[in-house]
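The values are calculated or read from the model by the stated rules, or taken from the named source; none is laboratory data. Note that this is a predicted model, so its numbers are computed, not measured. Counting neighbours? That spans all protein chains shown, and the Cβs are built from the backbone with ideal geometry, glycine included. In case anyone asks, the SASA skips ligands and DNA or RNA and just uses the protein heavy atoms, side chains included. Shrake-Rupley method; radii C 1.70, N 1.55, O 1.52, S 1.80 Å.
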Amino acid sequence: MKNPYRTFAAPLGRLAALALTLQPLAAQEAPPATVTVPAGDEVITLEKFVANESPIESSQTLLPTSRPVDSLYGFERSLLDTPRGVTVISPALIAQRGLDDVYDLAALVPGASVVNYYGVPGIPTTRGLFTSIYFNGMQRVWNRNGYPTSFGSLESIDYVRGPAPGTYSAASPGGFVNFIPKSPYYDKFRGSVDVSAGTNGELRAQVDVGGPLLIGSKPAAYRVSISRQDSDSYYNGIFNDYTSVYASGKMQLTDTVKIFTGGEFYSHRSKENPGWNRVTQDLIDNQRYITGNPVNDLTGASVTLPSGTGGTFTNTSPGFVNRAALETATPFGGTRGSFDGSFLAQSGFASSGFNLANFGPATLADYRFLGAIQNNAANPTTVRLNPKTVLTDAADFADADTYLFFFDTIVTPSPDFKFTNKFFLDGYSREKVSSYGYGEFGENTTLENKLLFEQSFDVLSGLNVAYGASVRYEDALALTEFTVEPFNRRDISQPVTQNTRLLSGGQRDQNGRTHWDPFGSHESKLVTTGIFLTPEMKFTDDFSVILSGRVDYARWNRSVPFGLAADFNSGPRDGDDKEYYNLSVSPIYKINQTLTAYGTLQRGTSFQGFYVSGGVDSGLNNFQESSLGEVGLKASLLDNKLFAGVGYFYQELVNFDTRGGVAFPQRGRGVEFESAYEPNKNFSITANLTWQEQFFRSRTIPGGFVPLSEADIVNFAGIFAADFGGRPNPGGPRSGIPEWSGSVFARYQFDNGFGVSGGPNFVDSVYANPDKTLKLPAYVTLNASIFYVQPTWEVTLAGRNLTDELFFSPFDTFAANSIIQPSEGISAQLSFKYKF
């Protein structure tokens, strides 16, 4: 019988050492409450300071109406009167649900779902589309799956569904998540030390301190938060270590001028987690895995194919798989990507479509020589696969170092006028290698400055206007290598062999050459300048309209770097420029003081850069038209103890196929419901429910790995069985996005400090691949915790997936036919928090 609450004693020594490394920070003392003034010195009278500078964290409620929302239109307004689908996630809700990565948000946010990007939670998926990450209202650099997005610097979250309004430049089409940073403490010195240990070797510690101080005679405050995790994972061979160092400060310069600044350094060390390969419906339903290592050893000095096509292929990395031979079976073909050297070109094909039925006997014999595994194609041998077993290797890694810095200057010369200058710096350097045949290196440095004005006028029943301008500079470099990516070559039920290891990415062969792909590597510089105007016109006390408009001008240059594995495609590409717009109109009608109806029509432009670095790799194709229609009702009832919202959306947007370089039009519709009820300090409950359908509006589906039968897996497992577009759209709702999903989570705390929390999360069955030959079953998971809370400390024992449900989250469409990640099994975490 499985025991989720295994002994925590073994890792406690390591945990204590981890906490002690952070202890000196916790030992800082608060500034003295009084200052002794020497005789004869002038007594300084401090300027008055607004008392509302307490951090959001001081609020212990999960109700989304507990604070105003300013993540959309530039000016603060209540959630009840915000005419968009927005989920406000409070600090209390983050703590109660144990949120620590963006995939966790799918259980809280209607319309959101988990689409797995190789086991690295960089971004969420909303309404079937990519979703951007913002920090303090400024767009972060693109990070699809380079590293898990850090939660070490955030205090609260606004999750906006649908494209960003005109206050922001073009972003991902699905929506955006605005991380609200941890704010300094002006009231008094305070802090906390939080340590936890869990199953799968999880060890985590965080120290968070801050308080007031004087800079000259000016009131100021600071906040420092340091997080460290040293952890294995549920999956064999996968670890998840990180360090986050965050600091922020506020200062009141004058009665009308204040500043808010801060930054984070985040370092992450881990690996990709592709999950299971050799995907069949039998594997999904019954965990029966097709076994067998490659028949032919390709690790020698050379390879000659049975047909003699291409002659003899020299292995520049003896002891590893001969890439030159395998590359002839890829859509790129030939050594380092020359299509003329591929079987496809020699068979008379002019494009990169992969269809075994179209190849002649000689080509199929070559394919089998390169890719056949030791098994019976007519009746394959299978074994039951352990969910902990995944496609990884000891030498694999995915490392990232990221940084951000923000500096806000807020000037309020009168109650009716305010302007803010927001400066933002964000960037990273990251590298990834997986020995199944993939590598990447990405760098991005982004600078943005935004000037935002807010004014109120005594016109009609009131006129609020937000307007301003911004300029953004992005310098991005992306080196990738997936010319040969035979996921199925390795039998993950057996030890790794050299005949399934490929050198990739920046690893060098015996001639000193890297393996970076000249067709998948880019560098670009992008400058975007925009102006925006957002007026809210109150025609009556009950009816108002928000208009939002923005015009941007983007200019870029781009190139393919020199010094790659082959330089025949390197050099500059045509630069270009584009002017684009974003317009929306949103009527709001207050039916009464507790019930609001709203609508939004928006049309504009979405931008999606290259998946590794966010760079402009495809020029004008990186910018695509987007539209949204949304209507809904929001209510705050029972003396503001119950919030509920329901909305219907219709969208025509773009699903960016970042691997195939094509933007696929998508149409979607859905109904989203969410609620939160907190009648008293002891009890709370949240719930959400989504119905949605998403469709590809194209005759074809995005390119990627093609579906293989069991016999094809046996015969061709060791090659790159993929195309880059052209397979017909099977019709109906697209794969990967569940039609129904929802969750309920309740918490009750007794007056003596003990409490319990928990609830189920439901996700409907869904097709796993765009061809709709694989289907993932519906599932229900249960998370719960027991806790004991006292004024200065608390202890929690939390469990996830308590029913030990085996389920799957769909992969991105490119790899959905070849890999699938099983869920983590039952797990537990014991945490202790001390507050001072």
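Relative protection proxy for 801-810, 223-232, from highest mean packing down: 223-232, 801-810 (other beta-carbon atoms within 10 angstrom). For the chain, relative contact order (Cα pairs under 8 Å, six or more residues apart, normalised by length) works out to 13 percent.
Quick one: of the DSSP bridges fully inside region 101-217, what percent are antiparallel, nearest 5? If we restrict to bridges inside region 101-217, about 85 percent are antiparallel. Summing Cβ point charges (Lys, Arg +1; Asp, Glu -1) relative to the Cα centre of the chain gives a dipole of roughly 780 debye. From the residues 677, 138, 594, which one has its Cα farthest along the dipole of the chain in the positive direction, the dipole being from +1 and -1 charges on Cβ of Lys/Arg and Asp/Glu about the Cα centre? After comparing all options, I get 677.
For region 470-595, just say rounded, prolate or oblate: build the C-alpha gyration tensor, square-root its eigenvalues into a ≥ b ≥ c, call rounded for a/c under 1.5, and beyond that prolate if a/b exceeds b/c, oblate if not. Intermediate values should be presented prior to the final figure.
Numbers: a/c = 5.66, a/b = 2.03, b/c = 2.79.
It is oblate, given that a/c is not under 1.5 and a/b is not larger than b/c.
Think of region 593-744 as a dipole: +1 on every Lys or Arg Cβ, -1 on every Asp or Glu Cβ, centred on the Cα centre; then among 628, 695, 740, 628 lies furthest on the positive end.
For the chain, the per residue solvent-accessible surface stands at 37 Å², with DNA, RNA and ligands left out and a 1.4 Å probe. With axes computed from alpha carbons, what is the tilt in degrees of helix 361-371 against the longest principal axis of the chain, rounded to the nearest 10 within 0 to 90? So the helix axis and the longest Cα principal axis differ by about 60 degrees. All other residues with a Cβ under 11 Å from the Cβ of residue 165 taken together, and with Lys, Arg as +1 and Asp, Glu as -1, what is their net charge? Computed value for this residue: +2. Compared with the dominant principal axis of the Cα atoms in the chain, helix 12-26 is inclined by about 40°. Peptides 622-633, 116-127 ordered by packing proxy, namely the average of other Cβ atoms within 10 Å per residue, highest first: 116-127, 622-633. Among the listed pairs 250/641; 418/538; 188/258, a Cα-Cα separation exceeding 23 Å is found for 250/641.
Taking a ≥ b ≥ c as the square roots of the eigenvalues of the Cα gyration tensor, region 447-526 is classed as prolate, since a/c reaches at least 1.5 and a/b is larger than b/c.
Our note on the geometry: Cα centres of region 479-494 and region 216-290, 28 Å apart. The spacing between region 693-761 and region 523-551, judged by their C-alpha centroids, is 35 Å.
Determine the order of 448, 739 by accessible area, beginning with the largest, at a probe radius of 1.4 Å.
Details: 448 10, 739 70 Å².
Heavy-atom accessible area, descending, gives 739, 448.
Ignoring everything except DSSP H segments at least 4 long, calculate the 222 nm mean residue ellipticity for the chain; use -39,500 (n - 2.57) per segment, divide by total residues, nearest 500. Mind showing how you got there, number by number?
On the way: 7 runs with 55 residues, N = 836.
Calculated mean residue ellipticity at 222 nm is -1500 deg cm²/dmol.
Only Lys, Arg, Asp and Glu carry charge here, each on its Cβ (+1 for the first two, -1 for the last two); on that basis region 663-740 has a dipole of about 320 debye about its Cα centre. Each of 421, 502, 714 was scored by the projection of its Cα onto the charge dipole of the chain, and the greatest displacement toward the positive side belongs to 714; charges sit on the C-beta of Lys, Arg, Asp and Glu. Partner aspartates and glutamates whose Cα lies under 12 Å from the Cα of residue 833, excluding those fewer than 8 positions away in the same chain, are identified as 194, 208, 794. Expressed as a whole percent, the accessible surface of region 635-723 that belongs to carbon and sulfur atoms is 55, based on a 1.4 Å probe.
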